[in-house]
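To keep things clear, I will list the structure first and then write my remarks on it.
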Amino acid sequence: MDVHAHVGMHNKFPWLGTESLAEVLNRAARAGVDVSVISHLDGLYRKPANLKLLKAIENRADALMWCVVDPRSEASLAEFRELISHPKVVGMKIGPTYHKYEFARYAKVLMELAAETDAAILTHSGEPNDLPADIVKWANRYPTVRINIAHFGNCDSYQGHLKAMRHCTSPNCLVDTSSSVSVVSAHLERGVRELGAGRFLFGSDSPLYSVASQCVRILEADLTIREKRAILGGNALRFLRLPRK
């Protein structure tokens, strides 16, 4: 299960991405991914996209959805409250860097909304507005809120997430592998040895990164079969509270 996928085009690098949901999911299937949890990149660039994506995945067994939320917008918060009851919507995707706000400034609003709706959070991280250490502080204050801090290793010379997670006391705060840094030798293995496989979710950041290469990185990692299974799907089922088939 890929907990961090997208559809749409990157705003800064317009050659990255695809508007074709079918292409995203076909690539995932070829790589062995059964279910992708998707958010629309348009939502991060302040374009209405949640309803469009929900309609597109409604009848697809291989897709679930993150609803993009901008906590500064009452309309965005209201839309999330309406959509979170849909069985295809697992939680909220936030992008402090993209929406240009500091996570800490709106953390109380976001964490309490997640607690109120029993929703998971996927947050971009690794830049000044959303550093892992700042996010972990709030995860510790709301230990029942499920939060995935994306892009393990993409800041502080690959060490930012690892340093932050050493101080994480919330059992519901995890990181995902959706980073080009994952290709660095022993990077993921060191994280698993120190934090435990239970702290890791598989995320590809597809279609910006190759889902196939991200899958192979886990499959060929110097980890046990049990650890690989946890990262590639077992942890996600538990984190998203999905039934095992």
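The values are calculated or read from the model by the stated rules, or taken from the named source; none is laboratory data. These numbers come from a predicted model, not from an experiment. Because the Cβ atoms are built from the backbone with ideal geometry, glycine has one as well, and the counts that use them run over all protein chains shown.
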Residues 223, 232, 195, 201: which one is surrounded by fewer than 19 Cβ atoms within 10 Å (Cβ to Cβ) and at pLDDT 95 or above?
195
What's the number of the only condition in (1) hydrophobic (A, V, I, L, M, F, W, C); (2) more than 15 Å from the chain's Cα centre (by Cα); (3) part of a helix (DSSP H, G or I) that residue 242 fails to meet?
(3)
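Residues are listed down the side, and each one gets a yes or a no for (1) farther than 15 Å from residue 195 by Cβ; (2) surrounded by fewer than 19 Cβ atoms within 10 Å (Cβ to Cβ):
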site: 131; (1), (2): yes, no
site: 144; (1), (2): yes, yes
site: 152; (1), (2): no, no
site: 156; (1), (2): yes, yes
site: 167; (1), (2): no, yes
site: 184; (1), (2): yes, yes
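Looking only at the range 213-237, count how many residues are within 17 Å of the chain's Cα centre (by Cα) and in contact (Cβ under 8 Å) with a residue 12 or more places away in the chain.
Keep residues of the range 213-237 that are within 17 Å of the chain's Cα centre (by Cα), which gives 214-215, 218, 230-237.
With the extra rule that they be in contact (Cβ under 8 Å) with a residue 12 or more places away in the chain, the set shrinks to 214-215, 218, 230-233, 235-237.
Going through the range 213-237 one residue at a time, the tally reaches 10.
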Given the condition touching a residue at least 12 places away in the same chain (Cβ under 8 Å), of a type in the set (Gly, Ala, Ser), farther than 24 Å from residue 146 by Cβ and crowded, with 16+ Cβ neighbours inside 10 Å, answer yes or no: does some residue in the range 61-84 qualify?
no
Which residue, of 168, 215, is more than 17 Å from residue 2 (Cα to Cα) and out of contact with any Cys (no Cβ under 8 Å at 6 or more places or on another chain)?
168
Give me the residue from the range 29-43 that is in contact with a strand residue (DSSP E or B) (Cβ under 6 Å, 6 or more places away or on another chain) and part of a helix (DSSP H, G or I) and, out of that set, surrounded by the fewest Cβ atoms within 10 Å (Cβ to Cβ).
42
I need the full set of residues from the range 160-212 which are free of Cβ contacts under 8 Å to residues at least 24 places away in the same chain and in contact with a helix residue (DSSP H, G or I) (Cβ under 7 Å, 6 or more places away or on another chain), in order please.
none
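Checking the condition small (Gly, Ala, Ser) and more than 18 Å from residue 38 (Cα to Cα), which residue from 206, 182, 210 passes? First the steps, then the outcome.
Numbers: 206 fails: more than 18 Å from residue 38 (Cα to Cα); 210 fails: more than 18 Å from residue 38 (Cα to Cα).
Going through 206, 182, 210 in turn, the sole match is 182.
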